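The values are calculated or read from the model by the stated rules, or taken from the named source; none is laboratory data. Since this is a predicted model, take the numbers as computed values, not measurements. Positions of Cβ are backbone-derived with ideal geometry, glycine not excepted, and every protein chain shown enters the neighbour counts.
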Amino acid sequence: MPKTQVGIIGAGPAGLVLAHLLAQQGIESVVIEKHSRDYIEHRVRAGLLEHRTVELLDRHGLGERMLREGAVHRGTEFRTNGERYRLPYSDLYGGRRMLVYPQQELVADLVRLRLDAGAPIVFEAADVMPLDIEGPQPRIRYTVDGQAEELDCDIIAGCDGFHGVSRDAVPPGALNFYDQHLPFGWLGILAAVGPSTSEIIYALHDRGFAGHMLRTDTVSRFYLQCAPEDDPNDWADDVIWDELQRRLATPGWTLSEGPIIEKTVAELRSFVTEPMQYGRLFLAGDAAHIAPPTGAKGMNLAIADVEVLAGALGDWYLTGDDVGLQSYSDTCLRRVWRVQEFSTWMSWMLHRPPDDMPGAAFHRKMQEARLEYVCTSTAAGTSFAENYVGIEWPAIEAGKE
Ligand code: RFL
């Protein structure tokens, strides 16, 4: 039976970055992905990379195109009912910047670098299943081209996203799940039009949240608060542009419109698995947790998890020390819960509560006060900046506080 050291399920940012970080320590892995290479290289999702994510990718030689083509961001704009305020997060948090670089481009870079190095990725694997995760010799079973395969591993990394199979391979009752649904949805729009702004805009409006995110010179991302159960097809293109024009409006600024090429509805949801490990199975990224997209944290958190896991596996393979593996979950969960708190807080600051929510009118006044505080107080702005840009806690993450 074929054998590897670490079997990685899923070729998203978590699985691919893990594979590279392991290879650089001389640790072998096989990445097993359900979809085709073409599919994962064109799946549009995240786009905002934290300072520490950019540094990590660069430090490991994975960010050459990202640094060349990504756009550096140093501030963001809040709007509320026509007024605008720029929050200079870079100035407030030691010069750290963010980078806009589409997730699918990063995935394409990571795939190319791995295949160029002659390392394996199995695409279009069906019926993937982690087995024997409690014992010392776990296996991954899968089917490719109708042929059943099994891969023996020392360790399995479940990096297969929120809807993957790894989390469900753990016996019932062994993991705790924390789940929260916010009463808002996001209508996500991809439009074939250049951006009307040089920095991301978050707008709190009486009609609900609107966001203008950036992707490339010719494609822009917009979000509109909607009901979580809305069908994107019920939103006509002219209604979408009308809502964006109203919610983002501010004197002296115009929003350019263009053909809408994608419409999706996402719920604003938090989900955390504790612990993120069971036996020889380690969960990372969306397989272990998701956060409301407001803080743009998911991809960054996925990469932060595998940085911890790769370090722990390095110690284990090179010196036999399993302290890092034992504490993998606790180490990651500190950042995960910080991100959950920030993303939930930011979501409640920027989305209009449903009219039938008890205390909705009071809550609206509170969120205006909260936004004004963030925009006008250096202390509040700095707290926002360190969470948004990605809090750096070297001592805590090394377990040395
Ligand atoms: P992924 O990217 O979901 O990758 C998992 C991979 O596993 C594969 N897979 C399987 N493979 C084998 N067998 C199976 N049974 C499998 N089941 C699934 C999948 O095909 C896939 O290739 O998880 P990962 O690596 O943990 O990365 C997480 C990020 O993708 C996610 O958190 C972000 O996209 C979230 N997110 C954002 N994060 C940010 O950091 N910044 C942002 O600006 C941002 N914007 C967003 C977002 C997510 C969004 N949606 C659609 C969920 C905007 C949106 C709209």
| message | So, in segment 345-362, exactly how many residues are outside any loop (DSSP other than H, G, I, E, B) and over 19 Å from Ser270 (Cβ atoms)? | response | 3
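Okay, residues lined up against (1) in contact with a Ser or Thr (Cβ under 9 Å, 6 or more places away or on another chain); (2) of a type in the set (Val, Ile, Thr):
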{"residue": "Asp168", "(1), (2)": "no, no"}
{"residue": "Leu187", "(1), (2)": "yes, no"}
{"residue": "Asp238", "(1), (2)": "no, no"}
{"residue": "Val265", "(1), (2)": "no, yes"}
| query | Looking only at segment 51-73, which residues are basic (Lys, Arg) and surrounded by 15 or more Cβ atoms within 10 Å (Cβ to Cβ)? | reply | Arg52, Arg65
| said: Please go through (1) free of Cβ contacts under 8 Å to residues at least 24 places away in the same chain; (2) in a helix (DSSP H, G or I); (3) among the small types (Gly, Ala, Ser) for Gly252 and return the number of the only condition it doesn't satisfy. | reply: (2)
| Pairs under 8 Å by beta carbon, first residue over 16 Å from Ala266 (Cβ atoms) and more than 12 Å from the ligand (Cβ to nearest atom) in segment 202-217, partner polar (S, T, N, Q) and assigned to a loop (DSSP other than H, G, I, E, B), six or more apart or different chains? | Leu204/Asn81; His205/Asn81; Asp206/Asn81; His212/Ser196; His212/Thr197
| note | Output for Cβ contacts, cut-off 6 Å, separation at least six or different chains, first residue farther than 21 Å from Asp206 by Cα in segment 77-103, second aromatic (Phe, Trp, Tyr) and modelled with pLDDT of 95 or more, reads Tyr89/Tyr388
| In segment 140-159, which residue that is within 28 Å of the chain's Cα centre (by Cα) and within 15 Å of the ligand (Cβ to nearest atom) is surrounded by the fewest Cβ atoms within 10 Å (Cβ to Cβ)? | Arg141
| message | I'd like to check something: does segment 169-192 contain any residue that is out of contact with any Pro (no Cβ under 8 Å at 6 or more places or on another chain), under 30 Å from Lys365 (Cβ atoms) and within 15 Å of the ligand (Cβ to nearest atom)? | response | yes
| message | Among the numbered criteria (1) more than 8 Å from the ligand (Cβ to nearest atom); (2) surrounded by 24 or more Cβ atoms within 10 Å (Cβ to Cβ), which one does Ile261 miss? | response | (2)
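Residues are listed down the side, and each one gets a yes or a no for (1) part of a helix (DSSP H, G or I); (2) of a type in the set (Val, Ile, Thr); (3) more than 9 Å from the ligand (Cβ to nearest atom); (4) under 14 Å from the mean Cα position of the chain (by Cα):
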position: Gly15; (1), (2), (3), (4): yes, no, no, yes
position: His20; (1), (2), (3), (4): yes, no, yes, no
position: Ile27; (1), (2), (3), (4): no, yes, yes, no
position: His35; (1), (2), (3), (4): no, no, no, no
position: Arg43; (1), (2), (3), (4): no, no, no, yes
position: Thr53; (1), (2), (3), (4): yes, yes, no, yes
| Checklist (1) out of contact with any strand residue (DSSP E or B) (no Cβ under 7 Å at 6 or more places or on another chain); (2) in a loop (DSSP other than H, G, I, E, B); (3) under 30 Å from Ile32 (Cα atoms); (4) not polar (S, T, N, Q) applied to Arg207, failing item | (3)
| message | Which residue is nearest to the ligand (Cβ to nearest atom), if the candidates are limited to segment 55-99 and must be out of contact with any helix residue (DSSP H, G or I) (no Cβ under 7 Å at 6 or more places or on another chain) and assigned to a loop (DSSP other than H, G, I, E, B)? | response | Gly70
| request: Would you check which residues across segment 6-25 are surrounded by fewer than 17 Cβ atoms within 10 Å (Cβ to Cβ) and in contact (Cβ under 8 Å) with a residue 40 or more places away in the chain and list them? | output: Gln25
| task | Collect the residues in segment 318-337 that are within 30 Å of Val374 (Cβ to Cβ), surrounded by fewer than 19 Cβ atoms within 10 Å (Cβ to Cβ) and either of a type in the set (Ser, Thr, Tyr) or in contact with a helix residue (DSSP H, G or I) (Cβ under 7 Å, 6 or more places away or on another chain) (or both), keeping them in residue-number order. | result | Arg334
| request: Only residues in segment 377-391 that are of a type outside the set (Asp, Glu) count as the first member; pair them with residues that are in a loop (DSSP other than H, G, I, E, B), Cβ under 7 angstrom, at least 6 apart or cross-chain, and list the lot. | output: Thr382/Tyr93; Ala385/Tyr93; Val389/Glu50; Val389/Tyr93; Val389/Arg96; Gly390/Glu50
